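The values are calculated or read from the model by the stated rules, or taken from the named source; none is laboratory data. A quick note: this is a predicted structure, and the numbers were derived from the prediction, not measured. When we count neighbours, we look across all protein chains shown, and the Cβ atoms used for this are built from the backbone with ideal geometry, even at glycine.
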Amino acid sequence: MRMPILILLISIAYSTSAQFIRIDSILFKGNEKTKNQILIRELDFNPGDSVTINTLDARLEYNRRKLMNTNLFIWVKADLNQLPNGHLKISFEFLEQWYILGYPIFQLADRNLNDWWSRGHDLNRSIYGIHFIHNNFQGRNEKLMIKAETGFTQRLDFTYSNPYLDKKKTLGLAVNASYSTSKIMPYETRNDTLQYLTTEKILRERWSGGINLRKRFKFYDLQTLELKYTHTVISDTIVKLNPNYFALNTKEQNFTQLLYRYSYDFRDLIAYPLRGRKFDISINKVGILPSDHVDFWELTGAIAYFFDLGSHFFLTTQVKGKISKDTNIPYANVRGLGYGNEIVRGYELNVLDGKSYFLNRNTFKFQLLNKIFKLPFLPIKQFNQIPIAIYPTAFYDFAYVNNNFSENENKLVNQWISGGGLGFDVVTYYNLVCKFGFPVTNGSEIGMVIGIGREF
């Protein structure tokens with residue numbers, strides 16, 4: 001009786017052990033500039049580790065995506081081979097981006113293309129200059145950026161960031177310094193639209209600088225602490241047009257702010273995610289010194305989910321909200337919806353100023369094309385392989401902005417607004433996403449919007 005039990009136990013032990021396989025080596029190919037230790041930092045397995053066979057394919061894909069999300073490569077391929085001894089050899093192949101870029105800048109000064117077009121599409125409302133950036137300084141994912149702009153605004157900007165300061169490569173640092181002037185600037189919101197003033201004299205002059213510390217405790221968790229100082233001077237004309245621009249008829253504003261942000265990012269591709277989830281929460285205290293001219297805090301939270309529905313269909317949904325605490329926030333420091341990606345599609349021409357808001361954005365999409373096109377006539381490998389993906393989309397957004405100081409017939413605040421429509425997205429290399437949309441607002445107005453950037 002003892003012998004069959006012994007045989008059964010041995011069989012169970014063998015069955016369990018057979019579910020694991022050992023990794024003998026990890027090889028990297030194509031990372032001519034990027035250091036191996038930067039790549040190893042992103043992996044959740046090492047040589048000598050044993051992994052379960054039934055999760056091997058999924059873990060390999062997760063790690064490939066993490067390497068892609070460093071924004072250092074045009075594409076990343078992963079492969080594994082079983083060695084004669086039964087162990088694994090894992091390899092990753094890369095096509096690195098062109099890291100050193102120096103190119104002229106030409107961009108629109110308005111919030112988006114539609115806003116610029118509605119204001120007469122005057123090329124005087126443009127920004128041009130020189131942009132120098134090194135996206136992989138010293139091969140350690142350090143970034144060095146120098147920007148010089150003129151036109152609508154005059155600006156000189158310097159930024160340096162290093163995500164891997166310590167031996168464990170969990171602590172990062174970034175510093176920034178900026179100086180800018182402008183002869184054209186918005187001074188108030190009227191009819192839910194920014195009102196601009198244009199003169200031959202400088203209307204606004206601004207100096208700012210900051211330092212940013214970030215800590216990665218796990219692969220998908222990131223905590224950030226940022227300290228920033230801003231000094232701004234506006235002209236007497238702006239003060240006359242809007243005495244509350246800086247409050248109390250002042251033309252100068254100084255403040256120091258301290259921001260803490262926690263982020264959990266489990267998306268498959270940062271530039272254009274199709275699967276995964278992301279959670280952000282931040283607390284921003286503006287005015288921490290007795291000499292600061294403003295004093296308020298704001299709490300912002302966002303959660304986004306990305307669902308793979310199968311058969312090349314996908315669904316993304318995001319909920320975001322903000323709460324501000326103070327009743328006397330100057331006009332220049334109030335930001336509701338209509339800035340950046342915080343917008344209800346269909347209302348690209350509008351801004352909804354308010355101290356608190358709720359926003360929900362939803363996009364249903366179909367992957368029509370996902371292919372890498374080779375251009376053999378181009379000799380530079382970073383440019384002769386173009387990944388292109390095309391997604392027809394259907395979207396629906398709704399939002400509410402709370403504004404207890406509404407003036408100038410701003411009618412879109414303190415009510416629910418919504419917008420939906422059809423469009424398509426084009427995703428290509430260097431994290432470029434081109435969006436074309438045909439939205440319908442809750443006012444039954446149909447339009448066309450064009451954008452370049454990220455959805456979330």
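For the reader, a short list of remarks on this structure follows.
- For E149: the one exception among (1) surrounded by fewer than 17 Cβ atoms within 10 Å (Cβ to Cβ); (2) at pLDDT 80 or above; (3) farther than 30 Å from N403 by Cα; (4) not hydroxyl-bearing (S, T, Y): (1)
- Scanning region 274-293 for residues that are part of a loop (DSSP other than H, G, I, E, B), more than 20 Å from K218 (Cα to Cα) and of a type in the set (D, E, K, R) yields a total of 1.
- Cβ pairs under 7 Å, 6+ apart, first in region 31-51 and under 22 Å from W98 (Cβ atoms), second acidic (D, E): N31/E96; E32/E96; K33/E96; T34/E96
For every residue, the table says whether it meets (1) of a type in the set (A, V, I, L, M, F, W, C); (2) outside any loop (DSSP other than H, G, I, E, B); (3) farther than 15 Å from G172 by Cβ.
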site: E205; (1), (2), (3): no, yes, yes
site: Q223; (1), (2), (3): no, yes, no
site: T232; (1), (2), (3): no, yes, yes
site: N249; (1), (2), (3): no, no, yes
site: F255; (1), (2), (3): yes, yes, yes
site: S263; (1), (2), (3): no, yes, no
site: Y272; (1), (2), (3): no, no, yes
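- Of the residues making up region 70-96, those that are assigned to a strand (DSSP E or B) and within 21 Å of the chain's Cα centre (by Cα) number 5.
- Residue-level check: of (1) over 18 Å from S324 (Cβ atoms); (2) touching a Ser or Thr at 6+ places or on another chain (Cβ under 6 Å), R261 misses just (1).
- Some residue of region 294-305 being assigned to a loop (DSSP other than H, G, I, E, B), without any contact (Cβ under 8 Å) to a residue 12 or more places away in the chain and surrounded by fewer than 21 Cβ atoms within 10 Å (Cβ to Cβ): no
- Spans of strands (runs of 3 or more DSSP E) in region 313-390 with at least 3 residues out of contact with any Leu (no Cβ under 6 Å at 6 or more places or on another chain), surrounded by 15 or more Cβ atoms within 10 Å (Cβ to Cβ) and in the same structural domain as R261 (by TED's automatic domain parsing): 313-325, 356-366
- Test: residue in region 361-382 that is over 26 Å from the mean Cα position of the chain (by Cα) and either of a type in the set (D, E) or modelled with pLDDT of 95 or more (or both): no
- For region 231-244, the criterion of a residue being free of Cβ contacts under 8 Å to residues at least 12 places away in the same chain, surrounded by fewer than 17 Cβ atoms within 10 Å (Cβ to Cβ), in the same structural domain as L337 (by TED's automatic domain parsing) and of a type outside the set (D, E, K, R) is satisfied by at least one position.
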